[in-house]
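Enquirer: Quick one: the structure is below, and I'll ask about it shortly.
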Amino acid sequence: MEQGGILPNVNTFSILVDAFCKEGELSEAERVFKMMAQKGVEPDVVTYNSIIDGYCLHNRVDDAAKLFGLMLERNYAANVVTYNALINGYCKSKQIDKAWLLYQEMLDKGLIPDVVTHTTLIGGFCLVGNFHAAEQLFDKMHAYGQSPNVQSYATMLDGLCKAKQVDKAIAMFQQMENHKLEPDIVIYNILINGLCNAGKLEPARELFEVLCAKKVEPDVVSFNTLINGLCNEGHISEAFTLFNEMEGRGCVPNSGTYNVLVRGFLRNGDKLSVEQLLREMNQKGLAADASTAELLLDLLSNDASILQLVHNI
């Protein structure tokens, strides 16, 4: 570029920095950032945001915080995108107190947190088990004139299900539909999983069947979740029937599907079905996970045919 008489400007460098960060090539991003100073090109807030976000996405939140401090020292005005990136880094590393301080700093500076800010913090509170604070913040979004989006609901629903507040999650799901937001497959999977974990198998079945009516295609996570729920409740025949329907409904069973079924048949004492599934796994190059392997070794240590199959996968 320079040989052709075209000097790279701040936009060019920012594009390069952002591309390297998104690819996880942080050392290259840092090299380009240093090159800017050598070329006499001042970085702008977009450049800083890209590197801060890159650090946070790759669990280098301390480096992100240092760069954030340097940015402020050099009198660059951090914007909502900057704060969102660093808040995300702190939330991912379970440093929710630091994330909350940044949120308060935003408000003090007159910056209006957006849907991304709130959704990230809601996820952070859920990650550390503070579901009450997550709910409060979710409700607070309306005070800023913002409506939770599908991602906001997914984050909150996941938190409620993990807190074993499935009834509240279902009520929130209905609220979402009342607000004319279309749930995606992630939302349905979260709820099906929550219902199965709570032993509410019939509502989980009904929600799974609702997918077709809503023109939302179940994915492998949907099938695996319900199959696992059925196996855990002892409905192994129904689980196997659902497994056999998968490919006909455009969904290919994966390693998780087979592992769930193998464990179900093992708990049911059905060695023939276990052997059949292990053979299929071997043919498809799928691996038994640690839980399945441990169960196999515990229960079938005297069965040479099964053990041979385990060694092959």
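The values are calculated or read from the model by the stated rules, or taken from the named source; none is laboratory data. Predicted model only: the values in this text are computed from it and were never measured. In this analysis, Cβ positions are derived from the backbone assuming ideal geometry, glycine residues included, and neighbour counts consider all displayed protein chains.
Enquirer: Condition (residue is of a type outside the set (Gly, Ala, Ser), farther than 19 Å from residue 192 by Cα and at pLDDT 90 or above) applied to segment 235-247: is it met by at least one residue?
Expert: Yes, because at least one residue in segment 235-247 is of a type outside the set (Gly, Ala, Ser), farther than 19 Å from residue 192 by Cα and at pLDDT 90 or above.
Enquirer: Scanning for something of a type in the set (S, T, N, Q), over 14 Å from residue 83 (Cα atoms) and either surrounded by 15 or more Cβ atoms within 10 Å (Cβ to Cβ) or not assigned by TED's automatic domain parsing to the domain that holds residue 94 (or both), does segment 14-25 turn up at least one residue? Spell out how you get there, then give the answer.
Expert: In the first step, residues of segment 14-25 are kept if they are of a type in the set (S, T, N, Q); the result is 14.
Right, trim to over 14 Å from residue 83 (Cα atoms) and you get 14.
Checking which are either surrounded by 15 or more Cβ atoms within 10 Å (Cβ to Cβ) or not assigned by TED's automatic domain parsing to the domain that holds residue 94 (or both) leaves us with 14.
Checking segment 14-25: at least one residue is of a type in the set (S, T, N, Q), over 14 Å from residue 83 (Cα atoms) and either surrounded by 15 or more Cβ atoms within 10 Å (Cβ to Cβ) or not assigned by TED's automatic domain parsing to the domain that holds residue 94 (or both).
Enquirer: Sticking with this one: Quickly run through segment 185-222 and pick out the residues that are of a type in the set (Asp, Glu) and touching a helix residue (DSSP H, G or I) at 6+ places or on another chain (Cβ under 8 Å).
Expert: Step one: filter segment 185-222 for residues of a type in the set (Asp, Glu), giving 202, 206, 209, 217, 219.
Passing the criteria: 217, 219.
Enquirer: Can I ask one more? Since residue 32 meets every condition but one in (1) crowded, with 18+ Cβ neighbours inside 10 Å; (2) part of a helix (DSSP H, G or I); (3) in contact (Cβ under 8 Å) with a residue 24 or more places away in the chain, which condition does it not meet?
Expert: (3)
Enquirer: Quick one: which helices (runs of 4 or more DSSP H) lie wholly within segment 193-272 and hold at least 1 residues that are closer than 22 Å to residue 293 by Cβ and β-branched (Val, Ile, Thr)? It would help to see each step written out before you state the result.
Expert: On the way: elements: 201-213, 220-232, 236-245, 255-267.
Per the criteria, 220-232, 236-245, 255-267.
Enquirer: When you look at residue 106, is it in contact with a helix residue (DSSP H, G or I) (Cβ under 7 Å, 6 or more places away or on another chain), farther than 23 Å from residue 190 by Cα and surrounded by fewer than 22 Cβ atoms within 10 Å (Cβ to Cβ), yes or no? Lay out the reasoning, then the answer.
Expert: On the way: in contact with a helix residue (DSSP H, G or I) (Cβ under 7 Å, 6 or more places away or on another chain): yes; farther than 23 Å from residue 190 by Cα: yes; surrounded by fewer than 22 Cβ atoms within 10 Å (Cβ to Cβ): yes.
So residue 106 fits the description; yes.
Enquirer: Here is a follow-up. Just to verify a result, which residue in segment 74-95, among those that are modelled with pLDDT of 95 or more and charged (D, E, K, R), is surrounded by the fewest Cβ atoms within 10 Å (Cβ to Cβ)?
Expert: Per the stated criteria, the residue is 94.
Enquirer: While we're looking at this one, here's another question. Working only within segment 79-118, note down all residues that are over 23 Å from residue 143 (Cβ atoms), of a type outside the set (S, T, N, Q) and assigned to a loop (DSSP other than H, G, I, E, B).
Expert: Scanning segment 79-118 gives a single hit, 94.
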